[in-house]
Amino acid sequence: MELVNALELLQINAVSKGWVDSVWDAEFVDAEPLGPALEENTSGKGTDVFRQVYKRLLPFSSDEQGNVQNVWMVLGESGIPIKTLVAVLSYYILGGKSTTATVEQRLKALQAASVYLLLLKVPGSVANQVFHQVLFEASIEIILKCWPKESGKKRKKETAKSSQGDARCGKRAKPARKDQEEMDLDEDDEEDHEGEMFFSAQDLVKLRNEIETLVKTLLGFLKTFSLKDRPQSVENCIRIFTELTNFEPVVGEISFSGDAYSLETLPELGFHGLWLLCLSHGEGNECLRRVFHRLLYVILMMRKGEMTKPSLLVISQAVVATRNYAISFVCHVVDQKKEAALPVLKILLQHICHQMVEKTEYRTHGAQAVSRLLAKVPNTEYATFIKWLFAYSIKTKVAYRMFALDVAMALLEQSERDPDSLVPAELGTFLTHRFLVQNLLFGRRSDISPTVRAHALHCLSRCLELDSPNTTKCVQELFSASKCLIQRSTVSLQYCSSTQKTALPFKTIENTNAKILVITDAFAFNTAQETMGVLKRRVSDSKTNVRKAAIEAIASLLKHSVIMCSEENLTLLSERCRDPAVSVKKKALQCLTDLLVACPDRSLVQVAWLRGVIVVVVDSESSVQEKALECLDMVIIEHIKARRTFEDTAQKLAWDLLELLCDQCRDLRCRYFSKAFILWSQQKKFTSSFVNSLITHTKSSHSTPAWMLLSKVAGSCPSLHYETILDGWEKMIASKKMDVNTSCHIMSVMGDVASHLNEDTRHRVIEDLMTLLKCCEMPLEVIHAGVDTLCRLCRAENTEENLNKHCGELVSICESYLSSVILNERGAENLNEDMVVKHLYTLGTASLHCPSQVGKRVFLLVQSVLTSSVELLTEGTKELPATQPLSQFKPTSMPTVVRAQAVATLGKLCLQHENLANRCVPAFARELEVGQELAVRSNVVVVLCDLCVRYTNTVTRYIPNISACLRDPEGSIREKALIMLTNLLQEEFVKWKDSLFFRYVAVLVDPDPEIASLCEYCLLDRLLKKNPLMFSQHFIECIFHFNSYNNHKKYNKFPQTDGEKARFSLKGAQNKVKRFKIYKFLLEHFTDEQRFNTTSRISKEVLAGFVDGELPLDADGAELLADTFDVLSLREMKLSSMTAQDGADEPQDEQAAVVKVIQKKLVSQVQKKNFIENVIPIVIALKSMLEEERSPVLRHLMGYLQVTTQDYRNELKEVFAADEQLAAELEFNLRLYEQHQQEEPLTSFILSKTDEAPASVAPPVAASPAPASAQGFNPLLPPGSAPHPTTPSDPSR
């Protein structure tokens, strides 16, 4: 009777039959108000009414109760209609669904739903027509409806920024569920009403507890009541339980077994509900499939609406935890259901792969999920999935190929599986780690997408870091001399992936349905060199991220001794420190440093590190400078400690590097290493204690590098141990056999501390130094350091008198010695070549500091070394003609080395005396033309370029003489001229005038690859950044210049001698490869705007010139015209936005993808309009002319049209409306090409062209195309391959 008393509190009998009938007729979708009296009566009793009903009804729902059927009899005897009770419960349930419902309404709704579900659990509920599907689903839906949408873990990020977030949560949630008609409601009134909503912490606790009760009641109902015949109800239950898995945080592990009433958290109850549904609420695996489908999005960390596309969740600790629980639950289901769950698990794994997005963090979590789930499957199913994954890894969608690599890496972290007797022989190979490494990972090394190529190389380097010797062995096999069989895949280009617009049906995904043709064949790498060739091409890849990944891979291979630490391999890393891209430079610096720390005892690694890191200290990008300084500080400076008996590995490495800088790598010391210390000094990095600690090493076995380092830092600290420094000076003076490097460093240190010495000490040091310099017996390096130190010692006294005195004395001594040699009739017979050179060097160095002490006699003496001493010194001799070369005045008996030093000394004298420079510059220039001595001409190049800085107007007219050296027979002259001209151009002492640009770019085809590579670096990294229009401004004239065509009124009209024309000419079929290498290099660095404008200019200025008769169609004109058509046919001439290949990187954002499509279409329309209006009329006219002349250029014209019209395949008649016959010919040729393409197997689009020579970066990969004239016009050649030259296929692919 207690149940009846509790129900009377609801005043069931007071409810009218008409109201009840209306509720049932509406099928519990809506209900009229219950009535003011009943509402007030229930409201007055609060939520205790339903709590009492639930408590009294609970014993009747238990199977342990004696006669559970009595509940229906009791209700009947008490006059409480079941139909009315259900209607009343539905009224309160519906009342809590509104977003504006109060806390009390929500609590009543939850309690009413609990009572209803408990009533359903009582046996006989079906017979008494208590169950109604709409009301049942409303009762479980109230679990989510009553909870504030942005409370707890589901709260949006924006609400956390305001204390009123909970108050506004209803306002924000409701518009998202409004229909279009509801959008017309008065939003102001709605916001005012909803603004009053507020949920305190106590309110939320009450709601949460009632939700827990309702969920437990639902679980009890599902244990006794089957929903097998109600799939929609099952689907809703799955959705509710899935939402509960992320309802609140769980401390510790979740239990997926046990009694529901023993579970305490809502996520645990949610998973328990999913498990109940998997057991008996569906035919076969249907319910399990639905559960896994819903959990798919939890594992992918997505939110899936009923009719909306899945959207990514922001990755947080709660989202990741829920994902981990979902994976554990799937593993639990597989453990329990075993073989029955494997087909559905396979579907789940496939859909994780197919719905993965191209975001690194999501991919990483997804790969871990696949790895954990695959651990639960037997070997046969595992091998089958890996086979499927391999086919998946060569699909056209970039995200698929990226995720396949991540899955392979996650699987490699697991132990390798041993094949058993149940695994078919053809699947055995898929169980091994070797297949994952050599086929899945290394197989994507040449993917068409730069992102995939880079990720494959990154994964390859990660393999070596795994704690799996088997994986390392698989990588070593790739680079060993033995053959390594690779599965190669060929994929039909006809397949083009499209973005998935709707959710995939949750069923098995067969790769054969994707129209992918997989052909496996034996692809062997016979030698380690061939495998390394792939990595070398990736290091020079046109894409920045690929080069970074290749650098990382090579560093890892070297670190783990997979490949030899040879000079060639290490150079790949050190050269990338000078890469055009900032991020690549930083990556190379970091990898080199990591390799050095891992292999501190390898001298080749030490040298490579020095040559890579120190050079970058002068980089133009400040962040790269900072990275280089950081590496130097970490490896060298930090480990300079006070002298002690024991040195750890890091200290030994630091001193070994400094030793190399003093010996093998001393060329890096002056400019690059010194620059580092200049920057550190500005930061006041060096303290007195550091420098004094360094001084202690000057008396150790590290004395030479210690003095070298001290010479860099001594000037930064005022308080030093000067006694030790002076002891080193006196030891150097007393020594009869001086070390050149140490002596130079000691002198430099003395100059640094000059201002801190007392007067007596300073005078004593000056006397000692003058004694050394007067004898001129020291090496040239020591003489230079000595003169520099002398100047600093003299300037420390704040007077120029002593400097003029001492330097003037040195000039006089040198003048006297040279006079004795040159004026003496027998001086040349007893000539001491070394002494003459040293006196000339001392004279030139000292004269820079005392120009007033240098007389005309000195000028004549130095000049006489280059000519005849007697004639120059004869009294009354006329002034020397300035137009003659020094070597033509009169033959001289002086050796070449003396004459070369005389040129350098004369150049120094010219720097201080302009009149002398005006006389000597023409002679220097003439010497470059007719001189034969290599050392003399080399010094003349340096002198002229130095004088150009000082006397720009005077020397500029002789720049053609200097640029002519770019084609000198001697490589050292070409290299020096290139470097010196680059410096002048960069500092704008010289402009791109006349033929300078064309001579400069001709170095791109220098026979020495190192000089050609240096030219590319100078053009891209030094000059193009300063003048981005440089290439496009000169490109058209390049075609005229390199074809030696002079009949145009504007182009190639600058003055040149016949000898210069012949030297720089690239005319003729034999030089076509060289010409096109230059053309392609320039075009590769055009912008799309420059390509478009250049194409238009070529049509108007070149092609139109032949049509109008301005340019004669003779033999030279035919060669020029053929080159022009071949240039227009180049792939590099096409707009980059129009040449994107299938399978390359695509925008993952849908809006960005739409913008890209619209942009491409717009560009295509503009290009088409320009082609029809400006190009086609000229080309048609030219075609008629060439047909009349029967010119061989016609095949070049047709090849150009075939390439160009490929973009307008379906519009040929419209484009060529003026020449229908031409349109028909092109249509026929393209049809033949397509037929030929279908008959032959296609090269994999994923491997196509990416293993060929990439876009040029330093160092470049030279191409070797065949001349177009040898190819002819062949309609079966693919568009873009004829008639212009192409890069040949690489056999190592």
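Quick one: which residues, 5+ away or cross-chain, put their amide H under 5 Å from the amide H of Met302? H built at 1.01 Å from N.
Amide H neighbours of Met302: Leu313.
Give the shape of the stretch 712-802 as rounded, prolate or oblate, defined through the alpha-carbon gyration tensor: a ≥ b ≥ c are the square roots of its eigenvalues, a/c under 1.5 means rounded, and otherwise the shape is prolate if a/b is larger than b/c and oblate if not. If you can, show how the numbers build up before the last one.
On the way: a/c = 1.60, a/b = 1.21, b/c = 1.32.
Taking the square roots of the gyration eigenvalues as a ≥ b ≥ c, the stretch 712-802 is oblate.
Could the peptides 449-461, 1097-1109 be put in order, highest first, of the mean number of other beta-carbon atoms found within 10 Å of their residues?
Values: 449-461: 24.2, 1097-1109: 17.2.
Those peptides, ordered most packed to least, come out 449-461, 1097-1109.
Counting other Cβ atoms within 10 Å of each Cβ, which trypsin sites (Lys or Arg not before Pro) in the stretch 91-141 have at most 16 and sit in a DSSP loop? Intermediate values should be presented prior to the final figure.
Details: sites: Lys97, Arg106, Lys108, Lys121; in loops: Lys97.
Loop-located and lightly packed - Lys97.
Which pairs break 20 Å Cα to Cα here: Lys586/Lys675; Lys1100/Lys1183; Lys309/Lys507; Lys685/Lys712; Lys699/Lys731; Lys1026/Lys1067?
On the way: Lys586/Lys675 18 Å; Lys1100/Lys1183 16 Å; Lys309/Lys507 18 Å; Lys685/Lys712 12 Å; Lys699/Lys731 11 Å; Lys1026/Lys1067 31 Å.
The pairs that break the limit, which is 20 Å between Cα atoms, are Lys1026/Lys1067.
Can you tell me how the stretch 943-1075 classifies by the Cα gyration tensor, rounded, prolate or oblate, using a/c under 1.5 as the rounded cut?
Taking the square roots of the gyration eigenvalues as a ≥ b ≥ c, the stretch 943-1075 is rounded.
For the stretch 718-767, give the magnitude of the charge dipole about the Cα centre (Cβ charges: +1 Lys/Arg, -1 Asp/Glu; no others), in debye to the nearest 20.
220 debye
Between rounded, prolate and oblate, where does the stretch 1003-1135 land on the alpha carbon gyration tensor, with a ≥ b ≥ c its root eigenvalues, rounded for a/c under 1.5, else prolate if a/b exceeds b/c? Could the numbers behind the result be given before it?
Details: a/c = 1.73, a/b = 1.22, b/c = 1.42.
It is oblate, given that a/c is not under 1.5 and a/b is not larger than b/c.
What are the ³J(HN,Hα) values, in whole Hz, obtained from phi via the Karplus relation 6.51 cos²θ - 1.76 cosθ + 1.60 with θ = phi - 60°, for each residue of the stretch 604-611 in sequence order, with x given for Gly and Pro?
5, 5, 4, 5, 4, 5, 4, 6
For the stretch 781-866, which trypsin sites (Lys or Arg not before Pro) are in a loop by DSSP, counting at most 10 other Cβ atoms within 10 Å? Before the final figure, lay out the partial values.
Details: sites: Arg792, Arg795, Lys805, Arg826, Lys838, Lys856, Arg857; in loops: Arg826.
Those satisfying the criteria are Arg826.
Report the extension gain between Lys17 and Leu466 in nm, rounded to one decimal, defined as 0.36 nm multiplied by the number of residues separating them, less their alpha carbon distance.
On the way: separation 449, 0.36 × 449 = 161.64 nm, distance 7.47 nm.
Computed gain between Lys17 and Leu466 is 154.2 nm.
Taking H as built 1.01 Å from N, whose amide H comes closer than 5 Å to the amide H of Ile636, not counting residues under 5 places away?
Residues meeting the amide H criterion: none.
With θ taken as phi - 60° and the coefficients 6.51, -1.76 and 1.60, list the Karplus ³J(HN,Hα) couplings across the stretch 208-219 in order, rounded to whole Hz; mark glycine and proline as x.
Coupling constants for the stretch 208-219: 5, 5, 5, 5, 4, 4, 4, 5, 5, 5, 4, 5 Hz.
Using 0.36 nm per residue, how much length does the chain from Lys1061 to Val320 gain when fully extended, once their Cα-Cα distance is taken away? Numbers along the way, then the final one.
On the way: separation 741, 0.36 × 741 = 266.76 nm, distance 7.09 nm.
Taking 0.36 nm per residue and subtracting the Cα distance, the gain is 259.7 nm.
What is the spin-label model distance, in nm, from Lys223 to Ala375 if the labels are put 7 Å beyond Cα along the C-beta direction?
3.2 nm
Just to confirm, what accessible area per residue do you get for the stretch 746-807 at 1.4 Å probe, in whole Å²? Mind dumping the intermediate values first?
Details: 2690 Å² over 62 residues.
Value returned for the stretch 746-807: 43 Å² of accessible area per residue.
Applying the Karplus parametrisation 6.51 cos²θ - 1.76 cosθ + 1.60 with θ = phi - 60° to the phi angles of the stretch 126-141, what ³J(HN,Hα) value in whole Hz is obtained for each residue in order, glycine and proline being reported as x?
Residue by residue, the stretch 126-141 yields 5, 4, 8, 6, 7, 6, 9, 4, 5, 5, 4, 5, 5, 5, 7, 5 Hz.
Report the gain in length on full extension from Lys1049 to Met634: 0.36 nm times residue separation, minus Cα-Cα distance, nm rounded to one decimal.
143.3 nm
The values are calculated or read from the model by the stated rules, or taken from the named source; none is laboratory data. Predicted, not measured: the structure shown is a model, and the values here were computed from it. Heads up, the Cβs are rebuilt from the backbone with ideal geometry, glycines too, and the neighbour counts pull from every protein chain shown. Each accessible area value is taken on the protein alone, full model and side chains, heavy atoms only, with ligands, DNA and RNA left out. Shrake-Rupley method; radii C 1.70, N 1.55, O 1.52, S 1.80 Å.
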